Amino acid sequence: MKQYLSLIFFLLFSFGARSQDDRPNVVFVMSDDHAVSAVSAYNDWLSELAPTPNIDRIAKDGMLMHATYNTNSICGPSRAAILTGKYSHVNGFFKNEKGGDFDSSQQTFPKIFQRNGYNTAVIGKWHLGTAPTGFDYSKVMVNHGGQGTYFNTVFVENGKDTIVETERHSTAQVAYDAINWLKNKRNKNKPFMLMYQFKAPHRPWTPNPKFNELYTDDFPQHETFNDDYEGRVAASQNMLEIENHMNRKDLKVPPPPELSAKEKNQYYKFGNNGEYWSPSDTLSGAALKSWKYQRYIKDYLRCVAGVDEAVGQMLDFLKANELDENTIVIYTSDQGFYLGEHGWFDKRWMYEPSFRMPFMIKYPRKISPGSSNNDLLLNIDFGPTLLDLAGIEVPKDMQGKSFKKQLFGKRTNWRDAIYYHYYEYPFWHNVQPHYGVSTGKYKLIHYYYDMDEWELFDLENDKNEMQNLYGKPQYSKITKALKSKIKDLQIQYGDDMTLDEMRAMTDVNIQRSYSNRNN
Ligand code: SGN
Ligand code: CA
């Protein structure tokens, strides 16, 4: 009898294991600050000049999402929102600076994958303070305040061993480690869920030297490059102008050789707060602004070229190892970025270039190649969607929604508006805390911290968001409707605090656990 029982258990177990083997693998690729306009699949204004053929292969083989947005457009907060499927005020990680560390004891989608028999790993940029949880393997950047550096990147492996990588540029290192995990470290009896996340193309935009000769010709400037911010008070108070807030490190201006380490640091930082500098006596005004822009955009796009190469290596690896048919591959970025739109670099604003994220996904078994979708998606939807694709139940308390139906080309009732809330102020870049709503056709933003300013944009007729229509009588009806939509969404997501309570979140002052900022 005992023998029979164990035979039955054996059979049950092996069938269980076999059905698990059929579940899709996941490779979630995320870069840092990669704007939609710098992903050529989107056919945006930089596409022809700076193609990303490998990243675009994901869209060609799968679906390109045209309207994916962020709930809070900076690094840690976006990553926390992705992991938890929840807005910042719910997952507790609402700013990078002095907002404390991510509460890693809470529910995240990788933990749920792991609990359901997946082998899980995270490699690369993490930037959440606490060590990753929910991963069987982790190797994340810890130096420069958790940002990591482009060279001599310091990683912590599995929460304990510190490794300084001196051989490769950080992009090449992360790509190498990701493929190495798939090849040599994962448990091949289980489906896998791998997240690998580049530092590139984050500030200070230091490319792998092998790309230094790429882009010799100058790039055009965006049509809003010389924006004067008329009618947009918060925007006029920014500190992220290419002309006025880029420092010498950003633009790779070598310091005089006699400087001490401390002086060198000061030299490089010069410019952050609007201090005037020029690399030569003859360069000033519009010519200086244009020189800074060219240095910036070329280095940024060279960093993107490194990411593109790395993505190609992963796609080739999956194919060569017959893993591509049953593996979901996603490419996204933690948020968008300004590449000279409004004269800016950086992110944070609810304006399109930073609010919007690239997102494409391939899953040859289930998603039609060359397909696309225009529904309003949020970063908090990624976790629910991946769980749903893997046949795992999505917890009710996740605020994002699965968009599996869209991926399979099915019609579905979907949200008609998306809600946004940004908190970090004034450091870095002096972006006023704000919340708002977008329907894809109209956007209403409220800047509330130490001003009371509203902005309304007609996105169909003013895609660059230059004309603030708030207060114009012919828009009073739509403004009223959008304000009530904001109320509804604030109640739905539990963000219905008083303005004072919201301001208090901006004022929170809890040091991050990383102290190593100067590497
Ligand atoms: C660094 C950058 C800022 C940037 C933040 C946040 N300064 O502090 O320009 O806004 O990161 O970026 S730097 O001189 O240190 O590069 S995020 O991607 O982590 O949100
Ligand atoms: Ca970022």
*asked:* Among the residues that make up region 353-376, is at least one of them modelled with pLDDT of 95 or more, within 16 Å of ligand 1 (Cβ to nearest atom), assigned to a loop (DSSP other than H, G, I, E, B) and crowded, with 19+ Cβ neighbours inside 10 Å?
replied: no
*Hey, could you check region 59-99 for residues that are closer than 29 Å to ASN509 by Cβ and among the basic types (Lys, Arg) and say which is farthest from the chain's Cα centre (by Cα)?*
LYS98
*Identify all residues within region 75-102 that are open to solvent by 20 Å² or more (accessible area, probe 1.4 Å) and either aliphatic (A, V, I, L, M) or not in a loop (DSSP other than H, G, I, E, B) (or both); write none if there are none.*
HIS89, VAL90
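Hey, does region 103-110 have a residue that's buried (at least 19 other Cβ atoms within 10 Å of the Cβ), in contact with a helix residue (DSSP H, G or I) (Cβ under 9 Å, 6 or more places away or on another chain) and of a type in the set (Asp, Glu)? Lay out the reasoning, then the answer.
Quick first cut of region 103-110, residues buried (at least 19 other Cβ atoms within 10 Å of the Cβ) only: 108-110.
This time we only want the ones that are in contact with a helix residue (DSSP H, G or I) (Cβ under 9 Å, 6 or more places away or on another chain), so: 108-110.
Applying the additional criterion that residues be of a type in the set (Asp, Glu) yields none.
No: zero hits.
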*Could you check, for region 232-252, whether at least one of its residues is in contact with a Pro (Cβ under 9 Å, 6 or more places away or on another chain), open to solvent by less than 30 Å² (accessible area, probe 1.4 Å) and more than 16 Å from ligand 2 (Cβ to nearest atom)?*
yes
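Quick one: would you say TYR351 is under 23 Å from SER170 (Cα atoms) and outside the structural domain of VAL437 (by TED's automatic domain parsing)? Don't jump to the end; show me each part of the working.
Numbers: under 23 Å from SER170 (Cα atoms): no; outside the structural domain of VAL437 (by TED's automatic domain parsing): yes.
Taking the combined requirement at face value, the residue does not satisfy it.
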*Out of all the residues in region 161-169, is one or more in the same structural domain as ARG302 (by TED's automatic domain parsing) and either open to solvent by less than 40 Å² (accessible area, probe 1.4 Å) or within 30 Å of GLN467 (Cβ to Cβ) (or both)?*
yes
*Given (1) crowded, with 18+ Cβ neighbours inside 10 Å; (2) within 16 Å of ligand 1 (Cβ to nearest atom); (3) modelled with pLDDT of 95 or more; (4) not polar (S, T, N, Q), number of the condition GLY146 does not satisfy*: (3)
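Please tell me if PHE151 is in contact with a strand residue (DSSP E or B) (Cβ under 8 Å, 6 or more places away or on another chain), hydrophobic (A, V, I, L, M, F, W, C) and either part of a loop (DSSP other than H, G, I, E, B) or open to solvent by 30 Å² or more (accessible area, probe 1.4 Å) (or both).
On the way: in contact with a strand residue (DSSP E or B) (Cβ under 8 Å, 6 or more places away or on another chain): no; hydrophobic (A, V, I, L, M, F, W, C): yes; either part of a loop (DSSP other than H, G, I, E, B) or open to solvent by 30 Å² or more (accessible area, probe 1.4 Å) (or both): yes.
For PHE151, the condition - in contact with a strand residue (DSSP E or B) (Cβ under 8 Å, 6 or more places away or on another chain), hydrophobic (A, V, I, L, M, F, W, C) and either part of a loop (DSSP other than H, G, I, E, B) or open to solvent by 30 Å² or more (accessible area, probe 1.4 Å) (or both) - is not met.
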*Can you pull out the residues in region 37-58 that are under 14 Å from the mean Cα position of the chain (by Cα) and either within 16 Å of ligand 1 (Cβ to nearest atom) or surrounded by fewer than 19 Cβ atoms within 10 Å (Cβ to Cβ) (or both)?*
ALA38
*Out of region 293-320, which residues are open to solvent by 10 Å² or more (accessible area, probe 1.4 Å) and within 16 Å of MET246 (Cβ to Cβ)?*
GLN294, ARG295, LYS298, ASP299
*Considering PHE93, PHE151, which residue is under 29 Å from LEU318 (Cα atoms) and not aliphatic (A, V, I, L, M)?*
PHE151
*In the list LYS210, LYS199, which residue meets the criterion of being at pLDDT 95 or above and part of a loop (DSSP other than H, G, I, E, B)?*
LYS199
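The values are calculated or read from the model by the stated rules, or taken from the named source; none is laboratory data. Model, not experiment: these values are computed from the prediction. Cβ sites come from the backbone with ideal geometry, for glycine too, and all protein chains shown count toward neighbours. Keep in mind that these areas ignore ligands, DNA and RNA; they rest on the heavy atoms of the full protein, side chains included. Shrake-Rupley method; radii C 1.70, N 1.55, O 1.52, S 1.80 Å.
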